[in-house]
1. Could you give me the residue pairs with C-beta distances under 6 Å whose first residue belongs to the range 213-229 and is polar (S, T, N, Q), whose second residue is open to solvent by 30 Å² or more (accessible area, probe 1.4 Å) wherever it lies, and which are 6+ apart or on separate chains?
2. In the range 257-277, how many are farther than 26 Å from Lys212 by Cα and in a strand (DSSP E or B)?
3. Given (1) modelled with pLDDT of 85 or more; (2) surrounded by 16 or more Cβ atoms within 10 Å (Cβ to Cβ), where does Gly61 come up short, assuming only one miss?
4. Looking only at the range 86-121, which residues are among the acidic types (Asp, Glu) and either part of a strand (DSSP E or B) or farther than 26 Å from Lys212 by Cα (or both)?
5. What pairs can you find where one residue is in the range 47-70 and under 19 Å from Tyr158 (Cβ atoms), the other is open to solvent by less than 30 Å² (accessible area, probe 1.4 Å) and β-branched (Val, Ile, Thr), and their Cβ atoms are less than 6 Å apart, with a gap of 6+ or different chains?
6. Against the definition (in a helix (DSSP H, G or I) and surrounded by 12 or more Cβ atoms within 10 Å (Cβ to Cβ)), how does Ile254 come out, yes or no?
7. I need the full set of residues from the range 278-309 which are open to solvent by 50 Å² or more (accessible area, probe 1.4 Å) and assigned to a loop (DSSP other than H, G, I, E, B), in order please.
8. How about the range 173-210: which of its residues are open to solvent by less than 50 Å² (accessible area, probe 1.4 Å) and basic (Lys, Arg)?
Amino acid sequence: DQDGDQDGDQDGDQDGDQDDDKDWDDDKDDDKDDDKDWDDGKDWNGEPVEDVQLMLYSGKGDPCMAGQKGCDSGILFGIAPDENGEYKKDNFGKLCDDGFTAKAAHLTCAKFGYNNGKAVPATNFLSLKKLGMFSYGATGVRCGYNATSVDDCSYTPYSMAKMPCMPGEEVALSCSDDAWVFKMMESKAKAKSISGSDAKRVKFTCNYHAAKYGEEVNQKKNMWSAAMLVSKSSQSGQWAAEMKWKRSKWAGVIQQAPSTDDACLVCVAGIQDSYAYTWGIVDDYCFDRSDFTEKQFWEIIEKVMKMDY
């Protein structure tokens, strides 16, 4: 995540001259707005999102538009057309998170070209002070049961909101193609002979990439890792050592490991309080795998994991 105190390069340029009462529909006359109290029991479905130009602002550089490469996270902004169908700076605004659901986040990320997404704190991108420099433009996004695109959703102009939204209540998104990216990236092992024994003392490290909806997982806080030894002859596995987080990698020591004539070292890692896990073979300490398939490894590891979970 980006630091909450991170400042945008062009905060002042975008809204320094905007007043707090400006919103995406502020060109509409007050009488018309007053007649459309979205919570007064009248049958009004709000303004269509499909007419709004959506943008994400990461806190640096310029906001990016839906469809731009790499436009995958940031505070959600929009520009709505005025009564003449023109898109002007005065109709630029933030979206309040009141009523913004997980489905709305998913559909909005799809608009930006991604398969998955979730709402994240706006302070991931700007400080509360900087967030307060931008005006709200809309609230109350509603996506019906049959909505298949964010264009099928509606919103309420912020001037019609019954409750104010404060800095920190902005909609911000993190979008990605994969809900989870969790895999071992690299491993190293160094074995030392034990006098009078065929066993080895093995020191090893494993490095993982773990991200959910594009956000890196805090591995030290939210993950665990351990070593498993797989036997080729018995086609079984057993836990061999706990691993500890050291210098941005997971490290462990097996005091007496069988030789690689029959043993293969496997690193296994999981997310705390969940069933998500991954594994990888430590090539530096493994038997000849020419006649041992990856599927066989997976079945052995899966069996051990099921016993413990």
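The values are calculated or read from the model by the stated rules, or taken from the named source; none is laboratory data. It should be emphasised that the depicted structure is a prediction, and the values quoted were computed from it without experimental measurement. Heads up, the Cβs are rebuilt from the backbone with ideal geometry, glycines too, and the neighbour counts pull from every protein chain shown. With ligands, DNA and RNA removed, areas are computed over all heavy atoms of the protein, side chains included. Shrake-Rupley method; radii C 1.70, N 1.55, O 1.52, S 1.80 Å.
1. Asn222/Gln272
2. Step one: list which residues in the range 257-277 are farther than 26 Å from Lys212 by Cα, which gives 257-265.
Checking which are in a strand (DSSP E or B) leaves us with 257, 263-265.
Residues in the range 257-277 being farther than 26 Å from Lys212 by Cα and in a strand (DSSP E or B): 4 in total.
3. (2)
4. If we filter the range 86-121 for residues that are among the acidic types (Asp, Glu), which is where we start, we get 86, 90, 97-98.
Glu86, Asp90 - these are the residues of the range 86-121 that are among the acidic types (Asp, Glu) and either part of a strand (DSSP E or B) or farther than 26 Å from Lys212 by Cα (or both).
5. Close Cβ pairs satisfying both conditions: Val49/Val150; Gln53/Ile79; Tyr57/Ile75.
6. no
7. Scanning the range 278-309 gives Asp288, Arg289, Ser290, Asp291, Thr293, Tyr309.
8. Once the filter is applied, which keeps residues that are open to solvent by less than 50 Å² (accessible area, probe 1.4 Å) and basic (Lys, Arg), the range 173-210 yields nothing.
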